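The values are calculated or read from the model by the stated rules, or taken from the named source; none is laboratory data. This structure is a prediction, so every number in the text was calculated from the model and none was measured. Positions of Cβ are backbone-derived with ideal geometry, glycine not excepted, and every protein chain shown enters the neighbour counts.
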Amino acid sequence: MEYTTKLMYQSNYWYNDGLKKANIRDMSGAVTSLRRSLQYNRGNIAARNLLGLVYYGRGDVVEALVEWILSKNFQSEDNIANYYISKIQEVPGELESINQAVKLFNQSIELAGQNGEDLAIIQLKKAIAAHPSYVKAHQLLALLYIQTEQFSAARKELRTAHKLDTTDETTLRYMHEITQIRKSRPSRARDRGKGGEERHEQTVTYNIGNETIIQPASSVFKENSGLHTFLNIAVGVLVGAAVMWFLIMPAVSVGRQKKLNERVISFSDKIATQEAQISALKTELEEYRANSEESEDLKEKSASTQESYEIVLSVAKHFAAEDMSDKEMLEQMLKVSPESLGESGKSRYEEVAASLFPRMCEKLYGTAGEEYESGDYDGAISSLEKVVKMDEGYQDGKALLLLAQSFEKKGEQDKANIRYQKLVEKYKGKEAAGTAQKALDGQNTKGGQDAKAGQDDGATQGDGAAQDDDSSQDE
């Protein structure tokens, strides 16, 4: 079975799994399965559209729009994502309501972090009223209710969230927490206060002859009826002015305000749609960049492999015909990357190398010794680097040692030290490793002596300066 066919089968398997979970409102599980389906095949239109529906069912409308816009970019015609997007856009103010709900949700998070639970609860209630299927808002509101010990209200919000997504881990964890709190709380008897309210009615009592007259105190104020009339008129005027201001005046500007609100809602819908499109395009661009980098790496690796095969086949042909010099064959063989060859190519490479490399190592090592003795360190380095590339441990590390010494003579101490250190680590017990260790130790000893000499020179200069000062004072 081809590699691409396996990927298609895996993508379809996880799509079917996500569809089953979505049918029983296991939204969290459906999201996980559908994302995995898109990992195997990001062009699976059905999986991407279903993922958008699942997000929409959880109240995550922005994420849903992103998936549908991506789906539309993959397949612009005969795609149900076009229908989903148009249905959201054709409902006046829906995107604005959702955007407002998200803003209220974010504000409530900030308020809760500042110990403003009461204000956060008010904001979340507004968010849920604007966007009833917003699972995250229900969960946060339930958490705040638990924090403020309003457990009945918390259970109500969690039941709503559970209906929207039956397997959401956050919802299930909060429900379990409430159950544990109920078990741990002792039963408390509720005190019911009982008490009658005494009604005290103020009265005026006086006697006329043998009779006692009891009269309500309000009757005392009859003598102020003129003042009451004036007050009633004043109150009537104020009420009339209030009615004029609060009822009639708003009605005059309602038409103008309505048109303004419609324009604001229209602009908000366009902005929300454009933001979703921008987010979708960014996601698609990142995917294309990742795929492009992988393609470039594969392309470079493929080119290197092809070049190595061509060189090996060409050299093997000339090696068999004996119509190419050893030097020319070596230059070609050193360009080959053996790890990129397959079994057949590697076999031919090793066949040529087994015969060619020992001869050339011996020849180049001898040439390098002569160049080193004559002071041609560049030539010695060039020859020895080829020897080390063919056989790093040639002559028990002596070739690598001579290369380090050539770098040292040339004044490139860092490169020399790298080779010395490699000899010490990889060829312990060999003569070359001992020589390399002595060279490193000699550098350390020389460095210490130079530092001490510098200190002595500084002290001598200081003494001389002190003597000069004394002489000047004597004068």
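Put simply, of Gly442, Gly434 the only residue that is small (Gly, Ala, Ser), closer than 29 Å to Gly369 by Cα, modelled with pLDDT of 90 or more and over 49 Å from the mean Cα position of the chain (by Cα) is Gly434.
The residues of the range 305-318 that are modelled with pLDDT under 80 and surrounded by 15 or more Cβ atoms within 10 Å (Cβ to Cβ), listed by number, are Thr305, Ser308, Tyr309. Apart from one condition, Ser37 fits all of (1) modelled with pLDDT of 90 or more; (2) over 26 Å from the mean Cα position of the chain (by Cα); the exception is (2).
Every condition in (1) surrounded by fewer than 19 Cβ atoms within 10 Å (Cβ to Cβ); (2) free of Cβ contacts under 8 Å to residues at least 40 places away in the same chain is met by Leu402 except one, and the failing one is (1). One residue is enough: does the range 367-375 have a residue meeting the conditions closer than 22 Å to Ser314 by Cβ and either in contact (Cβ under 8 Å) with a residue 12 or more places away in the chain or not assigned by TED's automatic domain parsing to the domain that holds Gln437 (or both)? No, the conditions are met nowhere in the range 367-375.
The set of residues from the range 40-56 being of a type in the set (Gly, Ala, Ser) and over 22 Å from the mean Cα position of the chain (by Cα) comprises Gly43, Ala46, Ala47. Helices (runs of 4 or more DSSP H) fully within the range 38-135 that include at least 1 residues being of a type in the set (A, V, I, L, M, F, W, C) and under 25 Å from Lys156 (Cα atoms): 45-57, 61-74, 94-113, 117-130. Is it fair to say Ala112 is in the same structural domain as Ala161 (by TED's automatic domain parsing) and among the hydrophobic types (A, V, I, L, M, F, W, C)? Considered against the rule, which asks whether it is in the same structural domain as Ala161 (by TED's automatic domain parsing) and among the hydrophobic types (A, V, I, L, M, F, W, C), Ala112 comes out as yes. So, of the residues in the range 402-442 that are basic (Lys, Arg) and assigned to a helix (DSSP H, G or I), which turns out to be nearest to Val387 (Cα to Cα)? Here the answer is Arg419. Considered as a group, the residues in the range 360-379 that are of a type in the set (Gly, Ala, Ser) and assigned to a loop (DSSP other than H, G, I, E, B) include one that is nearest to Lys410 (Cα to Cα), and that residue is Gly375.
Can Gly397 be described as touching a Phe, Trp or Tyr at 6+ places or on another chain (Cβ under 6 Å), crowded, with 16+ Cβ neighbours inside 10 Å and under 30 Å from Ala316 (Cα atoms)? Yes, satisfied. Restricting attention to the range 355-384, the residues being among the small types (Gly, Ala, Ser) and at pLDDT below 90 number 1.
Would you confirm, using the coordinates I've provided, whether Ser347 is farther than 30 Å from Lys410 by Cα, modelled with pLDDT of 75 or more, surrounded by fewer than 16 Cβ atoms within 10 Å (Cβ to Cβ) and among the hydroxyl-bearing types (Ser, Thr, Tyr)? Considered against the rule, which asks whether it is farther than 30 Å from Lys410 by Cα, modelled with pLDDT of 75 or more, surrounded by fewer than 16 Cβ atoms within 10 Å (Cβ to Cβ) and among the hydroxyl-bearing types (Ser, Thr, Tyr), Ser347 comes out as yes.
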